[in-house]
Amino acid sequence: MRDLIVLGGSTHPNLTRSICRNLTLQQGEAESRKFANGETSIEIKDSVREKDVFIVQSGCGHVNDAFIELLIMISACKTASAKRVTAVLPLFPYSRQPDVPHQASHTGAPSIITKKDHYTFESAPGTPKPLSKKEGDRFQLGAQNNTSGIFSAVKQPLPIRSYSPKSIVTNAASTNFQVDASGKTESGYKQWVSPNGTLIANLLQTAGADRMITMDLHDPQFQGFFNVPVDNLYSRPLLQHYIVDYIPNYRDCVVVSPDSGGAKRATAVADAIGCSFALIHKERRAKIGKNPPSTTSSNMQSSLSQQTTMVATTMLVGDVKDKVCVLIDDLVDTSYTITRAAKLLKDSGAKYVYALVTHGVFSGDALNRINKSAIDKVITTNSVPQGEHVAILGDKLEVLDVSRIFAEAIRRINNGESVSMLFDHGW
């Protein structure tokens, strides 16, 4: 390997040491310090002039501090005349943000760490609601004043005294609005959230990164934000080997996707090992009351508001009765999705549930939820530090090593070889 140096950030030093051990290479020295006001200072102690530099920094822990540290290290290496700088991000930061505003009551993600003694693991996401009673009254009042056609309510505005400014939903700046699970307010306006993909890509490229290496991006389209090469490695070969080698009678098991977004990932594993596939699907349906709604124009809105409700249903598509189920997902953060999926599988007759995930972040009360859930065993990788998680979950958590995959990718890139073989076969 020619002029290769591997540096590590502060988030995952064990993974950096493992990568260097697989490369039979001594790790480069870099010192990170923080000033009293929280600013980060980086000192590269090895010469990187005309070297091929790889910086390993996972997007975990204090993500913002880790990302700034990575940017400073990239800039320091480029300033010191490094020939090429590659950012190795096993878990890519900011690649898994939803396109709707965060609502804890709708998404289920807790804003603080709250441990409970009992969990229901029921799936009940928020659903759009009909107009409130005040808005219904205003609608009826506008209909009564309609004397010159359907648009008269617009041409003849209501008196000012009949308005209550705090209850009028006009835009995202309103102080009294409700947002459903799809990001829409009661008026039908869908809120817009700033996507961070372009910003993160521009920051890395402006700092001087010439290439990116990551694993199992939540959205593969994230690669399109970059103008430099991005190698998105897969953990699928590693997970397939685990299923074949460590799950008894693996051909009789059922690979399950906990949501529709991960169906493609799960079907690829099921097809590769030759076992059946199941999918957990969420849908929303309108539920009408037993009494039919009134058809008069004056009572129509109030009757619909009282008798029509939206209910969320979770369906299992596939047969799992008396089967071993293998849940496959790319990332577990708060563990709401995967624990609810495990409960549904056990309720449907599954006798054992494995959960195979690439990135086990386990934030909030995720570890406590998993301990009390129907999941029998969790298998994840060391793309983020797992020492504290293993201490809490014990034998229920098993960690697979991905350092050999990253080491081989680094070796191939340094030698100018193809990386595509790692996508199908791992290392």
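The values are calculated or read from the model by the stated rules, or taken from the named source; none is laboratory data. Keep in mind it's a predicted model, so treat the numbers as computed, not measured. Positions of Cβ are backbone-derived with ideal geometry, glycine not excepted, and every protein chain shown enters the neighbour counts. All accessible areas refer to the heavy atoms of the entire protein, side chains included, with ligands and DNA or RNA removed. Shrake-Rupley method; radii C 1.70, N 1.55, O 1.52, S 1.80 Å.
Observations
- Residue in region 395-427 that is farthest from the chain's Cα centre (by Cα), counting only those that are open to solvent by 30 Å² or more (accessible area, probe 1.4 Å) and under 30 Å from ALA350 (Cβ atoms): ASP395
- Residue check for ALA374: in a loop (DSSP other than H, G, I, E, B) and either under 14 Å from LEU356 (Cβ atoms) or in contact with a helix residue (DSSP H, G or I) (Cβ under 6 Å, 6 or more places away or on another chain) (or both): yes
- Test: residue in region 316-334 that is assigned to a helix (DSSP H, G or I), buried (at least 17 other Cβ atoms within 10 Å of the Cβ) and either modelled with pLDDT under 90 or within 21 Å of the chain's Cα centre (by Cα) (or both): no
- Of the residues making up region 171-186, one or more are in a loop (DSSP other than H, G, I, E, B), at pLDDT below 95, touching a helix residue (DSSP H, G or I) at 6+ places or on another chain (Cβ under 8 Å) and open to solvent by 70 Å² or more (accessible area, probe 1.4 Å).
- Yes/no for LEU344 being in contact with a His (Cβ under 7 Å, 6 or more places away or on another chain) and not aromatic (Phe, Trp, Tyr): no
- Some residue of region 14-21 being of a type in the set (Val, Ile, Thr), open to solvent by less than 10 Å² (accessible area, probe 1.4 Å) and in contact with a Lys or Arg (Cβ under 8 Å, 6 or more places away or on another chain): no
- Within region 224-235, tally of residues that are open to solvent by less than 60 Å² (accessible area, probe 1.4 Å) and either closer than 13 Å to TYR94 by Cα or of a type in the set (A, V, I, L, M) (or both): 3
- Some residue of region 196-203 being open to solvent by 50 Å² or more (accessible area, probe 1.4 Å), modelled with pLDDT of 90 or more and over 19 Å from the mean Cα position of the chain (by Cα): yes
- Within region 52-79, the residues that satisfy the criterion of being modelled with pLDDT of 95 or more and assigned to a loop (DSSP other than H, G, I, E, B) are GLN57, SER58.
- Test: ARG369 is in contact (Cβ under 8 Å) with a residue 24 or more places away in the chain, in contact with a Ser or Thr (Cβ under 6 Å, 6 or more places away or on another chain) and assigned to a helix (DSSP H, G or I): yes
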